[in-house]
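Below is one structure; the comments refer to it alone.
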Amino acid sequence: MKQILKIIGITFLLAFVVISCNNEKDKKQHFLKDATYRQQVHNQFLKRQNEARHRSEALFSVFEKSSLGLEQREALEFLYAYMPLSDLADYDGEFFLKQVEAAFAARDYFSWGQTIPEDIFRHFVLVYRVNNEYLDTARLAFFGELRDRVKDLSMMEAALEVNHWCHEKVTYRATDGRTSAPLALVKTSWGRCGEESTFTVTALRAVGIPARQCYTPRWVHTNDNHAWVEVWIDGNWRYLGACEPEAELDAAWFTAPAKRAMMVHTNVFGLYNGPEEKNKETPLYSIINLLENYAPTRKVNVKVIDQQGNPVDGADVQFKVYNYAELYPITRTKTNAEGETSLISGMGDLMIWANKADLYGYIKSTKNDELVTVVLDRTPNVVYQEIFTMEPPVEQRIQELDPDKVAVNNLRLLEEDSIRNAYMSTFAGKAFAFDFSASLHLEGENTWKFLEMAQGNWREIAHFIQAHKDNPYLFPFLGSLLEKDLRDTPTEYLSDHLRKKETLEVDAQLPDDIIVKYILSPRILLESIKPWRSFFRQSAIAKEIAGERHDIQSIIKYVKENIQINDAENYYNCSLTPQGVYELKIADRRSRNIFFVAVCRSLNIPARIETATGKPQYYENGAWIDVVFETADNETVTQPKASLTIFNDPSNIINPDYYIHYTLAFFKDGDFQTLDYENDPAVAKFPYRLDLDEGYYRLMAGSRANDGSVTISVEYFEIRSEKSQIITIKLPEVVGKLVVRGSIDMNSVVVLEDGSKKSLKNLDNGKGLMLCFIDPGKEPSKHLLQDMPAQKKALEAWGGGILIMTPEDKLSGVFDASVFKDLPKQIVWGIDHERTLLNNVSDVLQLDFKNNFPMTIYLSTNGGILYDTEGYKIGIGEEVLKTISLEKESLK
């Protein structure tokens, strides 16, 4: 544990010994060499200085330091000129100065530092932020830990070595959408791909290697998305899988799916003049298109006209793909005076959606279209249905790495796994949790539940439990938090929020669940938890915001009159803290809404942001009241509500899940906005009723085929308060028949995890066999196992066999299957010695299969292969169930 966590407590003297040796050159030479560019930056800096005038002392007093050199000053001006609102609101000048000093220290220490062009260094080393993570001092700590490890390597070798170091610290596991700070990720030792890539970019920049996080915003052959890392090596951008080191650069499990991508992009901080195509350019940042680095592309030309055939200038155009049962924009543009715009995208279908105010139109663009014309001929409130198919780019084969290099690299991965797992073994265990509970006279199971979820943060949560053991709200309070909150929130932050009921000054009749979830809890949306409650309870601040009586209308009035809305400048979508909103007096709408809720809760007024619609609400007289800040003065708007009941068509093969098979969206500002009912108990069981705002809605449902194409049915309808509406979800049928791809001898014998031997026939339970080959150390195989609980009930009801096989060369002594919860009960685990069964399957399917795991097939009871897939894909269990259903139909 000490070996891993030393980077958190590392002495900054070690990290900055290089700084103390710097001579006076940085005080005299320009960081921004081009005078024109330098003036542009300075002009933008002056604008931001005025914009952040309410935090002038905290942010800008650093410029008064006599020790500040010219390079440092210009680098700071560059950062201030273009940073998002969240950073202006929540950090101070000393923090940013340390980031600048760290970047220059790395540049001056490593041999490659002097070979990096100014613009590459400026945008991809100096910049302290990667995406929407909450910031910390990771760069300083990582420099100290990595510098001796990589200082004698080439730039390429150093990039590979940094990724090995990252793998020692962090591995993949799915989690929620909030991005933990890099040091918090070290503490936990795992995170999703967006967190892994943020962590890895931070580590690379810490040693002066230019790096950027790349995203495919949505896959098209399956649901979900992915993030990885590009590194600038000796003049070229190369890619790697974050915390997933390979033997070489430009090699990763996602190489094959990336060839089917429709967009790969990255945000670039600041005024950027690089060679890449820009999907978007603003005064503060650009979004650049990197797809040509990964996949075959085409130019999608679009023309937007009105009903009379005239070109529409300034129309909003969205290029959309189907993913998670909605049409998701991979980029947005505007038309020019000729009504034209374009995009470089992949070789699959796009839905082109254009609107000007509430007039809109849409059309599908296929890979063969040179130009598509969108007519703005649609208006809301027209009831109709449609069905269409979206095709992804075709699957492509990739070249495998040299097996000898892979074998050597795998040995390193095993060693790194053991280092990380040795640290993780120091997390609190069940025995400790029960002993700890007994010493505090608390219930053991509850204590263990929260300590287990806290992972590397368990000491903080244990201290919190000890400090508040006598508060009856203790465990309900912890239960109101998300798992990630338990993993990365300090004791003192949580203690700022938990209070006893007798100190709250609330209505005695107020239910405890309302008190805990909507007054005491600091969890509002997906923002990082901060200690804002005591700040807003200061008498002067409380009076300023909420008046003498701390009433809700005074709070609403304050927010309307004092918080300026600027959605464009918080471009990384990292929410400002409530205190930061108060101090800066500027925020995006989401941060403004979080601020409102935080103030209400601080002053004992129950409040929340309704997750489906994103509306801020307060609780009064047993009901939730919407707050609409975009009205004049203190006028309130009551939106009429309407009832919608949703049924499941009994002919559906599977029980539809929200965001997997269908979504509901409402029309606003020329487009449909999906209601967020993900994991909401309100939609867990059919039929269910929703009380929604009156308006125009869209129900979208899709069924995905094995090749990644998806058949989509759409229903447009109105709901009105005077009449209850009923709608039924019918999943569209995928046209096609079962094809037997080949057959496997069901008498083939496999070795199970316990050393016993059984034939495939013994494992199919007389109903068929789902056979999965995995590489347990890689993200795609973990996705397969993490997705399977969603189909647990259906797979258990089917009753056939499920065999998970690990090839002998992929065995890892540190793989722990118990991490994957709620797997179907019939799963058995096996070892494929010398890849005997995998090679047999590959030969039958005529595949040159190497390492594109997982491979999943479905075998009928006579050994016929009725389904097969390889590589990264979401929803494999569901596709197998569809195959099983089709098999049953064919046998009738």
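Per residue and in Å³, how big is the convex hull formed by the alpha-carbon atoms of segment 371-453? Each residue corresponds to 321 Å³ of Cα convex hull volume.
Remark: the residue 370-residue 513 segment gains 45.7 nm on full extension, using 0.36 nm per residue and subtracting the alpha carbon distance. A Förster distance of 51 Å, applied to the separation of the beta-carbon atoms of residue 624 and residue 825, puts the FRET efficiency at 0.80.
Using 18 Å as the cut-off for backbone N distance, which residues of segment 524-546 belong to the label zone defined by a point 7 Å from the Cα of residue 53 along Cα→Cβ? Hits in segment 524-546 for residue 53 at 18 Å: none. With a Förster radius of 30 Å applied to the beta-carbon distance between residue 385 and residue 792, the computed FRET efficiency rounds to 0.35.
Of the three principal axes defined by the Cα atoms of segment 395-529, the extents in descending order read 70, 41, 22 Å. In order along segment 432-449, the phi-based Karplus estimate (6.51 cos²θ - 1.76 cosθ + 1.60, θ = phi - 60°) of 3J(HN,Hα) comes to 4, 4, 6, 5, 4, 4, 4, 5, 9, 6, 10, 6, x, 4, 4, 4, 5, 4 Hz; Gly and Pro are listed as x.
Packing order of peptides 199-211, 673-685, highest average first: 199-211, 673-685 (average count of other Cβ atoms within 10 Å over each peptide's residues). Only aspartates and glutamates eight or more places from residue 761 in sequence, or on another chain, were considered; those with a Cα closer than 13 Å are 745.
Karplus-derived 3J(HN,Hα) values for segment 105-115, using 6.51 cos²θ - 1.76 cosθ + 1.60 with θ = phi - 60°, are 4, 5, 4, 7, 8, 8, 4, 7, x, 7, 8 Hz; glycine and proline are entered as x.
Solvent exposure of the chain amounts to 41 Å² per residue of accessible area, where only protein heavy atoms count and the probe is 1.4 Å. Candidates 837, 859, 824 compared by Cα position along the dipole of segment 744-879: farthest toward the positive end lies 824, with charges placed on Cβ. Summarising the label geometry, the points placed 7 Å from Cα in the beta-carbon direction at residue 313 and residue 425 lie 7.1 nm from one another. Kindly list the residues of segment 36-57 that lie in the label zone of residue 92, defined by a backbone N under 13 Å from the point 7 Å along the Cα-to-C-beta vector. Flagged as within label range: 55-57. Here the Karplus relation 6.51 cos²θ - 1.76 cosθ + 1.60, evaluated at θ = phi - 60°, turns the backbone of segment 800-810 into coupling constants of x, x, 10, 10, 9, 10, 10, x, 3, 6, 10 Hz, with x for every Gly and Pro.
The alpha carbon radius of gyration of segment 82-153, expressed as a multiple of 2.2 N^0.38 Å, is 1.17. Under the simplified labelling scheme, the residue 809-residue 46 pair shows an inter-label distance of 6.4 nm, with each label point 7 Å from Cα along Cα→Cβ. Normalised by 2.2 N^0.38 Å, where N counts its residues, the alpha-carbon radius of gyration of the chain equals 0.97. With 0.36 nm allotted per residue and the present C-alpha distance subtracted, the residue 164-residue 724 stretch has 195.7 nm of extension available. Each of residue 743 and residue 845 was given a label point 7 Å from its Cα along the Cα-to-Cβ line. The distance between the two points is 1.9 nm. Each listed q (0.12, 0.17, 0.21, 0.22 Å⁻¹) maps to a log10 I(q)/I(0) for segment 511-585 from the Debye sum over equal C-alpha point scatterers, namely -0.40, -0.81, -1.17, -1.24. Pick out, from 337, 682, 481, the residue whose Cα sits farthest towards the positive end of the charge dipole of the chain, with +1 on the Cβ of Lys and Arg and -1 on the Cβ of Asp and Glu. It is 481.
Extension gain, residue 273 to residue 64: 0.36 nm times the residue separation minus the Cα-Cα distance gives 72.1 nm. Straight Cα distances below 14 angstrom link residue 792 to the aspartates and glutamates 657, 822, 878, 879, with same-chain residues fewer than 8 positions distant left out. Magnitude of the charge dipole for the chain, about its Cα centre and with charges confined to Cβ atoms of Lys, Arg (+1) and Asp, Glu (-1), is about 660 debye. Per residue, the convex hull spanned by the Cα atoms of segment 237-310 amounts to 146 cubic angstrom. Summarising the amide proton neighbourhood of residue 374: residues at separation of 5 or more, or on other chains, whose placed amide H is nearer than 5 Å comprise 303, 304, 305. Above 23 Å lies some portion of the pair distances; for segment 505-661, what is it as a whole percent of all C-alpha pairs? Everything past 23 Å amounts to 43 percent.
Look at the dipole of segment 67-189 built from charges on Cβ: of 82, 97, 182, the Cα furthest out on the positive end belongs to 182. Provide the FRET efficiency to the nearest 0.05 for the residue 564-residue 292 pair, computing r from the beta carbons and using R0 = 41 Å. The calculated FRET efficiency here is 0.55.
Close amide-amide hydrogen proximity is noted between residue 613 and 676, each under 5 Å apart and 5 or more residues distant or on a separate chain (H modeled in the peptide plane; Pro and chain starts excluded).
Think of each Lys and Arg Cβ as +1 and each Asp and Glu Cβ as -1; about the Cα centre, that makes the dipole of segment 569-698 roughly 260 debye. Annotation: amide H-H contacts under 5 Å for residue 647 (H modelled 1.01 Å from N, sequence separation of 5 or more, or interchain): 727, 728, 729.
The values are calculated or read from the model by the stated rules, or taken from the named source; none is laboratory data. In this text, all values refer to a predicted model and were calculated from it rather than measured experimentally. Cβ sites come from the backbone with ideal geometry, for glycine too, and all protein chains shown count toward neighbours. We work out accessible area using only protein heavy atoms, side chains counted, and drop any ligands, DNA or RNA first. Shrake-Rupley method; radii C 1.70, N 1.55, O 1.52, S 1.80 Å.
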